[in-house]
Ligand code: HEM
């Protein structure tokens, strides 16, 4: 227990390296954790989504984190695992939010707002600015993401809500564990503050001018007669899904690309082939240059950038997929899982195994996921989870990370102010996190690249698309079947 709480997901990696057991049980007082290590066992767990279930855990966690009312909790717990058919809040939630997040018009609309916000925010950068890199990425990504999800009445336009959100997420582990408010006072108060602001947002019809995603979430809750105070509380957890992983993933991608000259050059070259340049008349009678990046084209024509993003998630993810054992089950005909136990699939065990990824498993290799590279079993990549809990926001998040990173690397050079790219740790990450932020921020200087002076205007285009990026094993299967 001490090791687990100190080392967190690293503990599972050490256990795997020491024991090489395909699956093992960790007995804690009153709890059995079944840890799945062997890649070939993962599909067997994912197939048993009723017996090894996520919705009952999700409902419990949502209630603790959001502090929802008894009325809402009863609704969440009704037919929670779909034993009586495909109905009820919990069991239909994933299906309700899937269409607006899957490639198509809803996602394109969100991406357009996001791309425009990111372009404008990067236009504000002055020549040779010095930044704390993570703070900068977090601020700009939070602004762009929340504007695209919540629309013109986005509560996150108020800096007090942004501050409250990050305060809230600091204490999520305590809330998940059901600690009393006095133990997690700051996080608890921040959540209450956010919930009040979201009540106002919904009561004033803010969601009606928002994205297809927020409309779908609101409609799904209304259909199940969730009171508006609880819809607002659920949105505090919704904001966690939307915000917590994208900024760190974007930060790590910039960190690795800028600190690896060959990766940076490859990505710049690739992006350079899809840029278009126009000369237009300015108001003063002169002429100006506009460079356009077609984000939709970038998603299908930049395999090195995509490979780099996957590699960043492989190297840094600390996510652990969990399932509740609903009845005794023999996994794969070999391993007895007892009712009431919790199944854990730690992504780092998959991601840090030299037998799967090779001797350079701990280094950043921007071409590791390149289509022509000899690729390991796709199931061993768990950056976005998998099975019924596969991240539905992966296309939105990846497109946003592409837009931000592409504009940054095309327009600027970046140097750490103390002269070297130091190794960064993530030991402060909590057990519930997926993509952790660095323990310590990095102070960097941005300098416009030669030939891309600050007077050039940049435009990011999102053309209609129903194409998805192969981000997870499931996407690759879907692509194979459509060919
Ligand atoms: C780089 C950014 C992101 C990463 C790395 C990421 C990763 C993940 C992972 C690993 C899971 C699965 C957890 C499990 O198996 O238990 C997950 C679930 C989820 N993600 Fe993401 N995510 C990202 C961004 C987003 C965004 C932007 C959204 C929404 C717009 C989102 C919405 C969700 C939701 C709703 C779930 C829960 C699915 C369910 O109910 O089963 N994620 N995410």
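The values are calculated or read from the model by the stated rules, or taken from the named source; none is laboratory data. Note that the structure is predicted; figures quoted are calculated from it, not measured. Please note: Cβ atoms are built from the backbone with ideal geometry, for glycine as well, and neighbour counts cover all protein chains shown.
Residue-by-condition table, conditions (1) touching a strand residue (DSSP E or B) at 6+ places or on another chain (Cβ under 7 Å); (2) buried (at least 23 other Cβ atoms within 10 Å of the Cβ):
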position: 304; (1), (2): no, no
position: 309; (1), (2): no, yes
position: 313; (1), (2): no, yes
position: 318; (1), (2): no, no
position: 321; (1), (2): yes, no
position: 327; (1), (2): no, no
position: 331; (1), (2): yes, no
position: 334; (1), (2): no, no
position: 340; (1), (2): yes, no
Hey, any hits in the stretch 80-102 for a residue that's closer than 19 Å to residue 175 by Cβ and in contact with a strand residue (DSSP E or B) (Cβ under 7 Å, 6 or more places away or on another chain)? no
Residues within the stretch 37-60 that are within 15 Å of the ligand (Cβ to nearest atom), surrounded by fewer than 19 Cβ atoms within 10 Å (Cβ to Cβ) and over 19 Å from residue 328 (Cβ atoms), tallied: 2
Is at least one residue of the stretch 420-428 assigned to a loop (DSSP other than H, G, I, E, B), touching a strand residue (DSSP E or B) at 6+ places or on another chain (Cβ under 9 Å), free of Cβ contacts under 8 Å to residues at least 60 places away in the same chain and away from the ligand (no atom under 16 Å from the Cβ)? yes
Which one is modelled with the highest pLDDT, of the residues in the stretch 1-25 that are in contact with a strand residue (DSSP E or B) (Cβ under 8 Å, 6 or more places away or on another chain) and over 24 Å from residue 333 (Cα atoms)? 13
Residues of the stretch 86-95 being surrounded by fewer than 20 Cβ atoms within 10 Å (Cβ to Cβ) and assigned to a loop (DSSP other than H, G, I, E, B), which ones? 86, 87
Looking only at residues that are more than 6 Å from the ligand (Cβ to nearest atom) and in a loop (DSSP other than H, G, I, E, B) in the stretch 392-419, which one is farthest from residue 139 (Cα to Cα)? 419
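So that you can scan it fast, the table gives a plain yes or no per residue for (1) within 23 Å of the chain's Cα centre (by Cα); (2) part of a loop (DSSP other than H, G, I, E, B); (3) under 26 Å from residue 474 (Cα atoms):
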{"residue": "40", "(1), (2), (3)": "no, no, yes"}
{"residue": "45", "(1), (2), (3)": "yes, no, yes"}
{"residue": "59", "(1), (2), (3)": "yes, no, yes"}
{"residue": "63", "(1), (2), (3)": "yes, no, no"}
{"residue": "68", "(1), (2), (3)": "no, yes, no"}
{"residue": "72", "(1), (2), (3)": "no, no, no"}
{"residue": "76", "(1), (2), (3)": "no, no, no"}
{"residue": "80", "(1), (2), (3)": "no, yes, yes"}
{"residue": "84", "(1), (2), (3)": "no, yes, no"}
Residue among 159, 155, 181 that alone is without any contact (Cβ under 8 Å) to a residue 24 or more places away in the chain and either on the phi > 0 side of the Ramachandran plot or touching a helix residue (DSSP H, G or I) at 6+ places or on another chain (Cβ under 6 Å) (or both): 181
Need pairs with beta-carbon distance below 7 Å; first residue over 17 Å from residue 219 (Cβ atoms) and in contact (Cβ under 8 Å) with a residue 12 or more places away in the chain and within the stretch 229-252, second near the ligand (Cβ under 8 Å from one of its atoms) and not in a helix (DSSP H, G or I); sequence gap 6+ or separate chains. 241/393; 242/393; 245/434; 245/435; 248/435; 249/435
Condition check for residue 180: exposed (fewer than 15 other Cβ atoms within 10 Å of the Cβ) and either more than 16 Å from residue 234 (Cα to Cα) or at pLDDT 95 or above (or both): yes
Check whether at least one residue in the stretch 257-273 is more than 28 Å from residue 446 (Cβ to Cβ) and away from the ligand (no atom under 14 Å from the Cβ), and report yes or no. no
For the stretch 138-249, which helices (runs of 4 or more DSSP H) that fit wholly inside it have 2 or more residues that are within 16 Å of the ligand (Cβ to nearest atom)? 159-170, 172-176, 212-223, 228-243
Against the conditions (1) out of contact with any strand residue (DSSP E or B) (no Cβ under 6 Å at 6 or more places or on another chain); (2) surrounded by 19 or more Cβ atoms within 10 Å (Cβ to Cβ), where does residue 109 fall short? Just the number, please. (2)
Yes/no for residue 445 being touching a residue at least 60 places away in the same chain (Cβ under 8 Å), more than 16 Å from the ligand (Cβ to nearest atom), surrounded by 12 or more Cβ atoms within 10 Å (Cβ to Cβ) and farther than 30 Å from residue 49 by Cβ: yes
Return yes when residue 435 is part of a loop (DSSP other than H, G, I, E, B), within 16 Å of the ligand (Cβ to nearest atom) and either more than 24 Å from residue 465 (Cα to Cα) or within 16 Å of the chain's Cα centre (by Cα) (or both) and no when it is not. yes
Check whether at least one residue in the stretch 365-385 is touching a strand residue (DSSP E or B) at 6+ places or on another chain (Cβ under 6 Å) and in contact (Cβ under 8 Å) with a residue 12 or more places away in the chain, and report yes or no. yes
